[in-house]
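K.L.:
Dumping the structure here so I can ask a few things about it.
Each reported figure results from applying straightforward, stated rules to the coordinates on display, with no laboratory input. Just so we're clear, the structure is a prediction, and the values are computed from it rather than from any experiment. Because the Cβ atoms are built from the backbone with ideal geometry, glycine has one as well, and the counts that use them run over all protein chains shown.
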Amino acid sequence: MVKFFGNASGKVDDKGRLVLPAIFRDAMLRGGAEDMTFVVKRNVQQRCLDLFAYEEWERRSDIVLAGLDPELNTEDAAFWTKYNDGVFTLVADGKLGRLNIPSELLASAGITKEVVFGGVGYKLQIWAPETRNAHLMSDEEFKNTASRLSARK
């Protein structure tokens with residue numbers, strides 16, 4: 001299973017390609033995903049992109065689908081259609097691990113040239129640097145949330 005941790009910066013070239021940082025290419029190899037196949041999509045809650053190892057995408061989307069009945073429930077069907085809108089499969093090319101991100105996804109996340117990759121365990125988030133900085137919790141919010149979450153146990 002692939003796990004992504006840490007942050008790295010990158011740039012979008014003129015063709016909309018990003019080079020997957022070595023730290024995350026190594027994570028793919030350690031996790032057994034040697035073919036470097038990914039799924040990229042808009043994040044549901046924030047203005048960034050989610051990049052999943054293909055197997056993790058299958059697992060996560062199966063979990064979401066298990067809670068829905070898109071064949072018989074109109075609201076579930078509309079949600080499932082929107083959830084899968086703008087989902088693309090990518091294969092990293094060459095030794096550099098370049099990913100060709102569709103321009104509509106880059107635009108939806110406000111990404112022009114600079115990006116920040118953030119590993120959050122099961123996926124990578126790809127951000128425009130200024131958007132990521134604006135969305136990060138303050139240290140005080142983080143401490144309060146950690147305290148609240150630890151009280152659940």
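K.L.:
Given the condition at positive phi and either surrounded by fewer than 14 Cβ atoms within 10 Å (Cβ to Cβ) or of a type outside the set (A, V, I, L, M, F, W, C) (or both), answer yes or no: does some residue in the stretch 61-76 qualify?
P.N.:
Start the filter on the stretch 61-76 by keeping residues that are at positive phi, which leaves none.
The answer is no; no qualifying residue exists.
K.L.:
Tell me whether the stretch 6-21 contains one or more residues that are outside any loop (DSSP other than H, G, I, E, B), over 16 Å from G118 (Cβ atoms) and without any contact (Cβ under 8 Å) to a residue 24 or more places away in the chain.
P.N.:
No, that holds for no residue.
K.L.:
Would you be able to tell me the number of residues in the stretch 33-46 that are under 11 Å from the mean Cα position of the chain (by Cα) and touching a residue at least 40 places away in the same chain (Cβ under 8 Å)? Show your work before the answer.
P.N.:
Taking the stretch 33-46 as the starting set, the residues that turn out to be under 11 Å from the mean Cα position of the chain (by Cα) are 38-44, 46.
In the following step, the residues that additionally are touching a residue at least 40 places away in the same chain (Cβ under 8 Å) were identified as 38-43, 46.
Total satisfying the criteria: 7.
K.L.:
What are the residue pairs meeting all of these: first residue in the stretch 56-73, first residue more than 24 Å from G32 (Cβ to Cβ), second residue basic (K, R), Cβ atoms under 6 Å, and 6 or more apart or on different chains?
P.N.:
none
K.L.:
Moving on. In the stretch 4-18, which residues are under 15 Å from D93 (Cβ atoms) and more than 17 Å from the chain's Cα centre (by Cα)?
P.N.:
Hits for the stretch 4-18 are D13, K15.
K.L.:
Another question, then. Given the criterion under 20 Å from L29 (Cβ atoms), surrounded by 12 or more Cβ atoms within 10 Å (Cβ to Cβ) and of a type outside the set (S, T, N, Q), identify the matching residue among G94, G86, G119.
P.N.:
That would be G119, the only listed residue that is under 20 Å from L29 (Cβ atoms), surrounded by 12 or more Cβ atoms within 10 Å (Cβ to Cβ) and of a type outside the set (S, T, N, Q).
K.L.:
Would you pick out the residues in the stretch 78-122 that are part of a strand (DSSP E or B) and either basic (K, R) or touching a Leu at 6+ places or on another chain (Cβ under 9 Å) (or both)?
P.N.:
Within the stretch 78-122, the first condition is being part of a strand (DSSP E or B), and the residues that meet it are 88-91, 93, 98-100, 114-121.
Of everything in the stretch 78-122, those that are part of a strand (DSSP E or B) and either basic (K, R) or touching a Leu at 6+ places or on another chain (Cβ under 9 Å) (or both) turn out to be F88, L90, V91, D93, R98, L99, N100, V115, F117, G118.
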